[in-house]
Amino acid sequence: MSFLQIMRNTTLRKALFVSFAVHLSLQLGGVIPVLYFSTHLFNRTGMKNSESAYASLGIGFVKIIMNLFSMFALEKFGRRFPLLIGIGGQAVMLILLTTTMHDNFMSNPTVQTLAIVFTITFIAFNTFGPATICFMITAELFQENARPTAVSVSFVVNFTANFIVGMTFLPLMAVIGSYIFLIYAVFSIMLFIYIFINLPETRDRPIEEIVNEFRPKSERVDMAKLYEMRNKPGENADNPLMEKGTAATDGSPSAPLRTKSGVDGDGPRERTDSNTSSMRSRSGSSADRRYSLHRRMSLQGTPC
C-alpha cells in the first residue's frame, strides 16, 4: 500500500498521524540538543570541560538503565501509559531547565547542581517513554500491507525533525537563551494532549480492535458482539453487522474480520474435525492390521 493510498483512507490516515505524533514527541521534546550539546550545556553550569565529559558519560549510562527498565515496563503497563509518563515528565523537566539554565541564576551553586539533575532526569523520562516506544508503536498500528510504508514515512518524519532541531538549537539559544527549552516544553505538552486523545492501547490486542478505534465513531463495531456472533455457526448469514465487517485491518468495510485466534468463521473448526476423524480412522486401521498380524502369527505358532 502506497503513501497516497494511506492518506486517502480516513482510518489509516488517522493512525499515521498518531504515529507521526509519537515520533515527534521524541525529537521536538528537545532530546537531540541535550545529547548533541551536553558538554556545552554542562559548561554553562560552571563545569570544566573534563567534568562535563564525565557528566555526558553519565547521561549515556542513564539511557542504558532506562532502556533496560522500559523493557519490563512495556510488558507490564502497555505502551500508552509509559509513553504519556515519559512525555509529561520531559515537559516538566524542560520547564525547570528553562529556569535553572537562565543566565541570572547560573552563578548560584545550588541552581547549577539542580540544572545537572534536571538534565539527567529529562533524559530518563525521554528514554522511558518516546525514545523507546516510537520505534515500535507504528508496527502495532497497521496491518501487514500498510505497515512498511507507514514505518518508512514515520522514520522520515523522525529524522527530518532530528535534523531541524539539531541545526536550529545553537542559533536559537544564542538569541533567546534558556527559553529555547520552553519551546520544546510547549511542543511536548501539545503532543501529550494529542496522543492522550488519539492513541489506543496496543499491548496484547488483535490488530482488528486497534484499527477499529481509528474509525469514525459512526462506523465502529461492537467487537464483543462481533466475536460472539463469529462463534455461533449458522446464525450469521443474514446479519448486517457481519456483512459490514467494519473492523477490517486495512480500514475498508468489506475486508473480512479475523477473530482473536487469528481464524475466520468456522472453517478451521470444520477442518479440525475432519482432520481428527481422519486421524482416528488411520489409528483404527493401524490397530486392525496389528491385530490381524498378531492372530496370524499365533495360528502359525510363531512367538509374538
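The values are calculated or read from the model by the stated rules, or taken from the named source; none is laboratory data. None of the values given here were measured: they were computed from a predicted structure. Note: ideal-geometry Cβ built from the backbone for every residue, glycine included; neighbour counts use all protein chains shown. Side chains are part of the model used for accessible areas, which takes the heavy atoms of the whole protein and leaves out ligands, DNA and RNA. Shrake-Rupley method; radii C 1.70, N 1.55, O 1.52, S 1.80 Å.
Before moving on, here are some points about what is shown:
- Net length gained if the chain between Val186 and His40 were fully extended (0.36 nm per residue, minus Cα distance): 50.3 nm
- Going by accessible surface with a 1.4 Å probe and the largest first, Arg13, Arg220 read Arg220, Arg13.
- Spin-label model distance (nm) - Ala53 vs Ile65, 7 Å beyond Cα toward Cβ: 2.3
- For region 109-193, the alpha carbon convex hull comes to 105 Å³ per residue, rounded to a whole number.
- Three-way shape label, region 40-105, alpha-carbon gyration tensor, a/c 1.5: oblate
- When Ile210, Ile85 are compared by accessible area at a 1.4 angstrom probe, the order from most to least is Ile85, Ile210.
- What region 78-217 shows is 43 Å² of accessible area per residue, with the surface traced by a 1.4 Å probe over protein heavy atoms.
- Rolling a 1.4 angstrom probe over region 134-217 with all protein chains present gives an accessible area of which 74% lies on carbon and sulfur atoms.
- Placing a label point 7 Å from the Cα of Thr168 along the Cα-to-Cβ direction, the residues of region 20-45 whose backbone N falls under 11 Å of that point are 28.
- Cα-based shape type of region 26-155, given that a ≥ b ≥ c are square roots of the gyration tensor eigenvalues and the cut on a/c is 1.5: prolate
- If the chain linking Gln5 and Asn145 were pulled fully straight, counting 0.36 nm for each residue of separation and taking away their Cα-Cα distance, it would gain 49.3 nm.
- Distance between region 86-129 and region 190-207 - C-alpha centres, whole angstrom: 27
- Here Glu201 and Tyr179 are evaluated by their C-beta separation; at R0 = 35 Å the FRET efficiency comes out at 0.50.
- Within the accessible surface of region 71-129, defined with a 1.4 Å probe on protein heavy atoms only, the carbon and sulfur portion equals 72 percent.
- The calculated P(r) of region 8-64, using every Cα pair and 10 Å bins from 0, goes 22, 32, 21, 14, 10, 2 in percent.
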